[in-house]
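What follows is a short report on a single structure.
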Amino acid sequence: MRIIVDERERGSRVPSHLRALGVRVLFKRLTVGDYILSSDCAVERKTARDFVNSVSSGRIFDQARRLAESYSRPTLIIEGDVRIAISTLRAGLRSFYGALAFLWMAYSVATFFSSSERETAELLYALVKHEQVEVKKRIVIREKPKLETLRERQLFVVQSFPGIGPKLADRLLRRFGSIKRIVNASPIELSLVEGLGRKKGFELVRFFEAKYD
């Protein structure tokens with residue numbers, strides 16, 4: 001059995017645990033998902049804290065959409081102590097379960113919970129065994145769907161800004177009318193966008209003005 005793993009997962013111990021279980025790990029730069037198990041199944045792995053942060057920013061919903069557009073069995077693994085992470089959400093459990101419900105109802109994302117990197121590896125092992133041994137599916141990397149329209153490309157660019165999810169990207173573009181005007185806006189002007197706030201406005205300007213190193 002083999003799993004294609006995103007290069008950014010090298011920092012975790014999950015790949016080494018997979019190797020210990022006898023799985024061949026192939027690292028590649030992936031645009032969709034963190035672990036590719038078959039032509040149908042890709043897995044996004046998030047720590048509990050990262051998941052909560054991505055719910056707040058809206059990033060998880062864009063990731064789920066792209067995962068579902070590329071694979072028929074989009075899967076999410078949330079790793080770590082969920083209770084501590086939930087306490088940082090404004091609406092607590094309601095926001096947490098609301099996000100999970102939306103991911104399932106809108107994108108059919110199956111969600112699993114893991115307490116550690118080792119447990120995540122065990123879960124991935126069970127999933128890849130089903131896909132490649134029991135069902136005998138081949139492994140295929142599916143690239144992110146092509147952005148067809150100018151609007152989609154604009155939204156994609158703005159969503160790449162730190163802390164900006166689909167909703168904020170749409171609000172920014174509607175308020176300023178173009179990416180150029182967003183980048184040239186002052187922190188105060190940015191902070192007037194609903195849901196963005198003064199702190200994030202200043203963070204965006206620092207990001208726009210940061211020197212490339």
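Data table
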read-out	value
Tabulated pairs, region 150-170, first of a type in the set (Lys, Arg), second in a helix (DSSP H, G or I) and surrounded by 17 or more Cβ atoms within 10 Å (Cβ to Cβ), C-beta under 9 angstrom, 6+ apart or interchain	ARG151/LEU173; LYS167/PHE61
Test: SER72 is surrounded by fewer than 19 Cβ atoms within 10 Å (Cβ to Cβ) and over 18 Å from GLU119 (Cα atoms)	yes
Residue within region 176-186 that is at negative phi, surrounded by fewer than 19 Cβ atoms within 10 Å (Cβ to Cβ) and assigned to a loop (DSSP other than H, G, I, E, B) present	yes
Residue list for region 1-44, filter: polar (S, T, N, Q) and either more than 22 Å from THR111 (Cβ to Cβ) or surrounded by fewer than 20 Cβ atoms within 10 Å (Cβ to Cβ) (or both)	SER12, SER16, THR31, SER39
Pick from region 187-213, criterion exposed (fewer than 15 other Cβ atoms within 10 Å of the Cβ) and not in a loop (DSSP other than H, G, I, E, B), ranking: farthest from the chain's Cα centre (by Cα)	ILE188
Set GLU131, GLU122: member being touching a strand residue (DSSP E or B) at 6+ places or on another chain (Cβ under 7 Å) and within 21 Å of GLU9 (Cβ to Cβ)	GLU131
In region 23-53, the residues that are of a type in the set (S, T, N, Q) and either on the phi > 0 side of the Ramachandran plot or touching a residue at least 40 places away in the same chain (Cβ under 8 Å) (or both)	THR31, SER38, SER39
Unmet criterion (only one of (1) out of contact with any Phe, Trp or Tyr (no Cβ under 8 Å at 6 or more places or on another chain); (2) under 15 Å from SER57 (Cα atoms)) for LEU150	(2)
Residue satisfying all of: in region 16-44; under 12 Å from ASP6 (Cβ atoms) and of a type in the set (Lys, Arg); modelled with the lowest pLDDT among these	ARG29
Residue within region 120-129 that is touching a residue at least 60 places away in the same chain (Cβ under 8 Å), assigned to a helix (DSSP H, G or I), hydroxyl-bearing (Ser, Thr, Tyr) and on the phi < 0 side of the Ramachandran plot present	yes
Top-ranked residue of region 45-67 - restricted to ones that are more than 9 Å from the chain's Cα centre (by Cα) and outside any helix (DSSP H, G or I), ranked as modelled with the lowest pLDDT	GLY58
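The values are calculated or read from the model by the stated rules, or taken from the named source; none is laboratory data. Quick caveat: nothing in here was measured; it's all calculated off a predicted structure. Note that we place each Cβ from the backbone using ideal geometry, even for glycine, and neighbour counts take in every protein chain shown.
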